[in-house]
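One structure below.
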Amino acid sequence: MNLAVRDVRHNLGRFLLTCLGLSLLLGVVLSMIGIYRGLVDEALTLVRSPGADLWIVESGTRGPFAEASRIPGDERDAVARLAGVAAAGSLTFQSVETAHRGRTLRLYVVGYEPGRPGEPKRLAAGRLITRSHYEMLADRRAGLEIGERVRLGRDVYEVVGLTDGVVASGGDPVVHLTLRDSQRLQFELDPPAARRELARGGRPAGLDTVNAVVARVLPGVPEARVAAEAARWKHLAALTQGEQEGLLLKSVVEKARRQIGLFTAILMAVSAVVIALILYTLTMDKVKAIATLKLIGAPDRTIVALIVQQALAMGVIGWSAGTLLILLAKDHFPRRLLLLPDDALMLGAAVLVLCVVASGLGVRLALKVDPATALGG
Amino acid sequence: MATPLVELRGIAKTYGSGEAAVHALKDTDLRVYPGQVVGLLGPSGSGKTTLLNLIGCIVEPTRGRMDLDGETVYDNRWLKSDLRRLRLEKIGFIFQFHNLLPFLTAEENVAVALDLAGVSGAEARRRARALLDYLEVGHRRASLPSRLSGGEAQRVAIARALANRPRIILADEPTAALDSGRAGMVMDLLRRLALEQRAAVLVVTHDETIFGRFDHAVSLRDGQVEAGG
Ligand SMILES: Nc1ncnc2c1ncn2[C@@H]1O[C@H](COP(=O)(O)OP(=O)(O)O)[C@@H](O)[C@H]1O
Ligand SMILES: [Mg+2]
């Protein structure tokens, strides 16, 4: 006869309420982990979207994501001529904010050269940019439709294609413009400022500046060798795709990882304390029943099983409900929540261990119960 | 007469030691034979419960010798290593506050004792039902203890005490929660059990209305037997 099941059934309301509380806690833990996974995944979408092998940036910087980097646009030709390089393309990166249909739209603008490395590899809808001006590719996350017109800076751009899931490390959706358009957006002074510059005797600002040049190497050529070659130019630095990804993760994600790790640890500790307290009080309420059981000859293992089985049931139900909750709610989070089955299972295993450990307090109490207390004194 | 089911010789119990020592039971001799119903009487604090706990192997005596069902279980130390098993097989407890497990139905409360003794689920239930019928509470077998009247609960508790056919039945104030009519019925029942199962029944009580129903009574005062024995 399973005593744990019957006891739970007898206190069903309280038991389920406890499970609900636990499931909320575990749901928060799981969403923390999911947000972290989403963060890592999103951080990499931008750096992976050009499909590059090599990043050429300003010398002495670790740009263009971890630090600002500016290099002359004509370096692209020089990079393309390096031995082992198959193709190269210039890229610009910048954040913009624009008012669109009554709301503020934060976008991350990538300028690329159509037909060269840096062009998005996959579109979810529409077509690539074909005209040299005033067309844009937007990410679905921006909530823009094909054919929609958006003002960026002084110009209006038409959405001709959509990407899916390309966002900047801050979570802002990415839009792609032609390199020329993006350079004007980033570097061209507005007319009054330009007139003032001229009046002060400055030369018109050179527009052909880019933030990075990406290159694809020929099959079989080691990227590191080409990178070393490019870095021999004093004014340039070169990073392989792997180095660039590592940098981005370190600079952008590392702090978030530690913070989320800390939160997760705290929440797990809170869960453990909650489980331990609940099990302890549940056991306290059963002291008389436990004494009776001992008196009529129940072995310790029956009594330990009664408590540990309830702890495990609590963990399993709390974890399942928490996971379900997050599965249902994950699309309503402002940041992407990436729920990996492995993470959920790991959490489940951790919760089970936690439950067994947390039940220790109740088990200790139960084993100390003197069977004589069952008898009226 | 046959060999006694319970035999105490010079059994004593002292709680604590030194200044704080309480001599709950002084050298006590007692014999209870199969088929006997023995009352343990005496004012509060006189050692009645202590005596019952000693016989029930819940509390360790300080000294003396105790034989249960022809076997010496204590002789200045425990001679049996598995007292839990001994309790399970030989002793049935009936409690003052009928201590049913609140989360089990009447039938399950009886079946759990059988279950612990290794009787399989279906068989345990069948026997539990038969016992409840025998005690005339069969119609309440699916009820939780909180739904039972005092008399019904007490009879379920008795059914549980009897489940493993113990030879020694220990009852601490079994009628305290009952009106005098019900109390009489419980006493009749214990009497019937003693006769039919050749069991020894020890009943602690304050209840003067049942004093006349014992084969003999042992009066305790300050841990000492005053009369009977
Ligand atoms: N576990 C214990 N620890 C210390 N003293 C006890 C304990 N149990 C009983 N006593 C003492 O032993 C004496 C006899 O108690 P008890 O056997 O319960 O008497 P009764 O059941 O006749 O009221 C009392 O003085 C009581 O305070
Ligand atoms: Mg007492």
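For this structure, a couple of remarks:
- Filtering the stretch A:270-298 to residues that are within 12 Å of chain B (Cβ to nearest Cβ) and not hydrophobic (A, V, I, L, M, F, W, C) leaves A:D285, A:K286, A:K288, A:T292, A:K294, A:G297.
- Scanning the stretch B:78-116 for residues that are out of contact with any strand residue (DSSP E or B) (no Cβ under 7 Å at 6 or more places or on another chain), small (G, A, S) and buried (at least 23 other Cβ atoms within 10 Å of the Cβ) yields B:A106, B:A111, B:A113.
- Pair list, Cβ under 7 Å, 6 or more apart: the stretch A:142-165 residue in a strand (DSSP E or B), other residue surrounded by fewer than 20 Cβ atoms within 10 Å (Cβ to Cβ) and of a type in the set (F, W, Y): A:D155/A:Y134; A:V156/A:Y134; A:Y157/A:Y134; A:E158/A:Y134
- Only one of the numbered conditions (1) in contact with a Gly (Cβ under 8 Å, 6 or more places away or on another chain); (2) farther than 25 Å from A:D7 by Cβ is not met by B:N164, and that is (2).
- Qualifying residue in the stretch B:93-107 (condition: more than 16 Å from the chain's Cα centre (by Cα), assigned to a helix (DSSP H, G or I) and either more than 10 Å from chain A (Cβ to nearest Cβ) or at pLDDT 90 or above (or both)): yes
- Just one of the listed residues (A:L327, A:L354, A:L339) is modelled with pLDDT under 90, part of a helix (DSSP H, G or I) and either among the hydrophobic types (A, V, I, L, M, F, W, C) or not assigned by TED's automatic domain parsing to the domain that holds A:T18 (or both), and it is A:L354.
- Summed over the stretch A:109-122, residues that are within 17 Å of A:V160 (Cα to Cα) and either touching a helix residue (DSSP H, G or I) at 6+ places or on another chain (Cβ under 8 Å) or crowded, with 16+ Cβ neighbours inside 10 Å (or both) total 8.
- Listing of strands (runs of 3 or more DSSP E) fully contained in the stretch B:30-77 that carry 3 or more residues being surrounded by fewer than 22 Cβ atoms within 10 Å (Cβ to Cβ) and more than 13 Å from chain A (Cβ to nearest Cβ): B:63-68, B:71-75
- All positions within the stretch B:153-184 that are within 16 Å of ligand 1 (Cβ to nearest atom) and either more than 13 Å from chain A (Cβ to nearest Cβ) or modelled with pLDDT of 90 or more (or both): B:L170, B:A171
- Here the stretch B:37-58 is the region considered, the condition is being more than 13 Å from B:H206 (Cα to Cα) and among the β-branched types (V, I, T), and the residue that is farthest from ligand 1 (Cβ to nearest atom) is B:V37.
- Within the stretch B:153-198, being within 15 Å of the chain's Cα centre (by Cα) and either within 16 Å of ligand 2 (Cβ to nearest atom) or of a type in the set (S, T, N, Q) (or both) holds for B:Q154, B:N164, B:L170, B:A171, B:D172, B:E173, B:P174, B:T175, B:A176, B:Q197.
- The residues of the stretch B:125-152 that are surrounded by 13 or more Cβ atoms within 10 Å (Cβ to Cβ), under 12 Å from B:L104 (Cα atoms) and within 14 Å of chain A (Cβ to nearest Cβ), listed by number, are B:S143, B:L144, B:P145.
- Some residue of the stretch A:265-285 being buried (at least 21 other Cβ atoms within 10 Å of the Cβ) and more than 30 Å from B:L116 (Cα to Cα): yes
- Flag if A:L105 is in contact (Cβ under 8 Å) with a residue 40 or more places away in the chain, assigned to a helix (DSSP H, G or I), in contact with a helix residue (DSSP H, G or I) (Cβ under 9 Å, 6 or more places away or on another chain) and aliphatic (A, V, I, L, M): no
- Test: residue in the stretch A:354-369 that is within 16 Å of ligand 1 (Cβ to nearest atom) and either within 14 Å of chain B (Cβ to nearest Cβ) or touching a helix residue (DSSP H, G or I) at 6+ places or on another chain (Cβ under 7 Å) (or both): yes
- Residue count for the stretch A:231-254, restricted to those that are among the aliphatic types (A, V, I, L, M) and at pLDDT 85 or above: 5
- Test: residue in the stretch B:42-58 that is within 16 Å of ligand 2 (Cβ to nearest atom), touching a residue at least 40 places away in the same chain (Cβ under 8 Å) and charged (D, E, K, R): yes
Residue by residue, here is whether (1) within 16 Å of ligand 2 (Cβ to nearest atom); (2) closer than 18 Å to A:I260 by Cα; (3) touching a Lys or Arg at 6+ places or on another chain (Cβ under 7 Å); (4) not β-branched (V, I, T) holds:
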| position | (1), (2), (3), (4) |
| --- | --- |
| A:H332 | no, no, no, yes |
| A:A350 | no, yes, no, yes |
| A:L365 | no, no, no, yes |
| A:A372 | yes, no, no, yes |
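The values are calculated or read from the model by the stated rules, or taken from the named source; none is laboratory data. Keep in mind it's a predicted model, so treat the numbers as computed, not measured. We place every Cβ from the backbone using ideal geometry, glycine too, and count neighbours over all the protein chains shown.
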